[in-house]
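> Please see the structure below; I have some questions.
The values are calculated or read from the model by the stated rules, or taken from the named source; none is laboratory data. Computed from a predicted structure; not experimentally measured. Neighbour counts run over all protein chains shown; Cβ positions are idealised from the backbone, glycine included. Accessible surface areas use protein heavy atoms only, side chains included; no ligands, DNA or RNA. Shrake-Rupley method; radii C 1.70, N 1.55, O 1.52, S 1.80 Å.
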Amino acid sequence: DSGVTQTPKHLITATGQRVTLRCSPRSGDLSVYWYQQSLDQGLQFLIQYYNGEERAKGNILERFSAQQFPDLHSELNLSSLELGDSALYFCASSGKKGGGPPKETQYFGPGTRLLVL
Amino acid sequence: QKEVEQDPGPLSVPEGAIVSLNCTYSNSAFQYFMWYRQYSRKGPELLMYTYSSGNKEDGRFTAQVDKSSKYISLFIRDSQPSDSATYLCAMIRSNDYKLSFGAGTTVTVRA
């Protein structure tokens, strides 16, 4: 167990709809990252937040947005959903240094599986 | 050209074989190297990490780094069906601490 939690585990919705994915980072981690992984594809970095502020942006569509709240949990909002948005969405966190791997090492949650019909 | 290139695979090996996975990188600023394992439809999990050139062993797994050639490898000895997964290399740059992933190599170990 990485300590990163994501809800919901599964989401089925229709085209044109809007959904919100939620992530709670490991205790003590300040950074949250969002990734998209389509079937048999690699991880596509979407966006990073650090202590409530956007830190880096990847291949995130304009229909997608994210935020990180004062308690450090994060939400990824996906709107005007299309069939091609069906994918696994992973959240990862980093930032706590406690020996071992560097603090920039990312720890992943179990993912949210989104199916757009 | 991507900063991190990973052999695409897929690899299929018989149980007990040695699995060899490789990544190359172009930016000498990469100083920290990791391997993640991702089982199907699950989140990637950190498998091994290393800072320096040379070998690091952890049970049946050996991570190898050659900074002069900008090349890293992961070896799995006595492979088991439970090792069937996608393996991703990852690297962190020392100047801006950005982490970059390879595309992943899918390994199937046949019983």
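> Go through the stretch A:53-92 residue by residue and tally those that are within 14 Å of another protein chain (Cβ to nearest Cβ) and at pLDDT 95 or above. Quick ask: steps written out before the conclusion?
Residues of the stretch A:53-92 within 14 Å of another protein chain (Cβ to nearest Cβ): A:55-59, A:86-92.
Pick out the ones that are also at pLDDT 95 or above and you get A:86-92.
Residues in the stretch A:53-92 being within 14 Å of another protein chain (Cβ to nearest Cβ) and at pLDDT 95 or above: 7 in total.
> Taking B:Ile92 as the residue in question, decide whether it is under 27 Å from A:Ser38 (Cβ atoms), away from every other protein chain (no Cβ under 12 Å) and outside any loop (DSSP other than H, G, I, E, B). Spell out the reasoning first.
Numbers: under 27 Å from A:Ser38 (Cβ atoms): yes; away from every other protein chain (no Cβ under 12 Å): no; outside any loop (DSSP other than H, G, I, E, B): yes.
No: the conditions fail for B:Ile92.
> Looking at the stretch A:57-71, is at least one residue assigned to a strand (DSSP E or B), touching a residue at least 40 places away in the same chain (Cβ under 8 Å) and out of contact with any Leu (no Cβ under 8 Å at 6 or more places or on another chain)?
Keep residues of the stretch A:57-71 that are assigned to a strand (DSSP E or B), which gives A:57, A:64-68.
Still in the list and also touching a residue at least 40 places away in the same chain (Cβ under 8 Å): none.
The answer is no; no qualifying residue exists.
> Could I ask something else about it? Based on this model, can you work out whether A:Gly84 counts as open to solvent by 20 Å² or more (accessible area, probe 1.4 Å) and touching a strand residue (DSSP E or B) at 6+ places or on another chain (Cβ under 6 Å)? Reasoning before the result, please.
Numbers: open to solvent by 20 Å² or more (accessible area, probe 1.4 Å): yes; touching a strand residue (DSSP E or B) at 6+ places or on another chain (Cβ under 6 Å): no.
No.
> Right, another one. State whether the residues of the stretch A:53-67 include one that is over 14 Å from the mean Cα position of the chain (by Cα) and not charged (D, E, K, R).
Among the residues of the stretch A:53-67, not one is over 14 Å from the mean Cα position of the chain (by Cα) and not charged (D, E, K, R), which makes the answer no.
> OK, next. Quick one: would you say A:Lys96 is in contact with a Lys or Arg (Cβ under 9 Å, 6 or more places away or on another chain) and basic (Lys, Arg)? Explain how you work it out, then say what you get.
Working: in contact with a Lys or Arg (Cβ under 9 Å, 6 or more places away or on another chain): yes; basic (Lys, Arg): yes.
When the stated conditions are applied, A:Lys96 passes them.
> B:Glu5 fails exactly one of the following numbered conditions: (1) open to solvent by 50 Å² or more (accessible area, probe 1.4 Å); (2) not in a strand (DSSP E or B). What is the number of that condition?
Of (1) open to solvent by 50 Å² or more (accessible area, probe 1.4 Å); (2) not in a strand (DSSP E or B), only one is false for B:Glu5: (2).
> What is the number of the single condition among (1) hydrophobic (A, V, I, L, M, F, W, C); (2) touching an Asp or Glu at 6+ places or on another chain (Cβ under 8 Å); (3) within 14 Å of chain A (Cβ to nearest Cβ) that B:Met34 does not meet?
(2)
> Cβ contacts < 8 Å: first residue within 16 Å of A:Asp71 (Cβ to Cβ), restricted to the stretch A:1-27; second residue of a type in the set (S, T, N, Q) and part of a loop (DSSP other than H, G, I, E, B), any location; separation 6+ or different chain. Result?
A:Gly3/A:Ser27; A:Arg26/A:Ser2
> So which of B:Glu5, B:Glu15, B:Glu57 ends up being charged (D, E, K, R), farther than 26 Å from A:Thr112 by Cα and touching a Pro at 6+ places or on another chain (Cβ under 8 Å)? I'd like the intermediate steps shown before the answer.
Numbers: B:Glu5 fails: touching a Pro at 6+ places or on another chain (Cβ under 8 Å); B:Glu57 fails: touching a Pro at 6+ places or on another chain (Cβ under 8 Å).
B:Glu15 is the lone residue from the list that is charged (D, E, K, R), farther than 26 Å from A:Thr112 by Cα and touching a Pro at 6+ places or on another chain (Cβ under 8 Å).
> Here is a follow-up. Search the stretch B:101-111 for residues being crowded, with 17+ Cβ neighbours inside 10 Å and within 10 Å of chain A (Cβ to nearest Cβ), and hand back the single one that is farthest from B:Pro10 (Cα to Cα). Working first, answer last.
Taking the stretch B:101-111 first, the residues crowded, with 17+ Cβ neighbours inside 10 Å are B:101-105, B:107, B:109.
Among the residues that remain, those that are also within 10 Å of chain A (Cβ to nearest Cβ) are: B:101-104.
Numbers: B:Phe101: 17, B:Gly102: 14, B:Ala103: 12, B:Gly104: 9 Å.
Ranking the qualifying residues of the stretch B:101-111, first place goes to B:Phe101.
> Hand me the list of strands (runs of 3 or more DSSP E) wholly inside the stretch A:1-56 holding 1 or more residues that are farther than 17 Å from A:Leu115 by Cβ and open to solvent by less than 40 Å² (accessible area, probe 1.4 Å). Talk me through it step by step, then tell me what you get.
On the way: elements: A:5-7, A:10-13, A:19-24, A:31-37, A:44-50.
Filter on the stretch A:1-56 gives A:19-24, A:31-37, A:44-50.
> Can you confirm whether the stretch A:93-115 contains a residue that is away from chain B (no Cβ under 14 Å), more than 14 Å from the chain's Cα centre (by Cα) and more than 25 Å from B:Ser94 (Cα to Cα)?
Within the stretch A:93-115 (the criterion being away from chain B (no Cβ under 14 Å), more than 14 Å from the chain's Cα centre (by Cα) and more than 25 Å from B:Ser94 (Cα to Cα)), the answer is no, since none of the residues qualifies.
> So A:Ser27 ticks every box in (1) at pLDDT 95 or above; (2) under 16 Å from A:Ser94 (Cα atoms); (3) of a type in the set (Ser, Thr, Tyr) but one. Which box is left unticked?
The number of the failed condition is (1).
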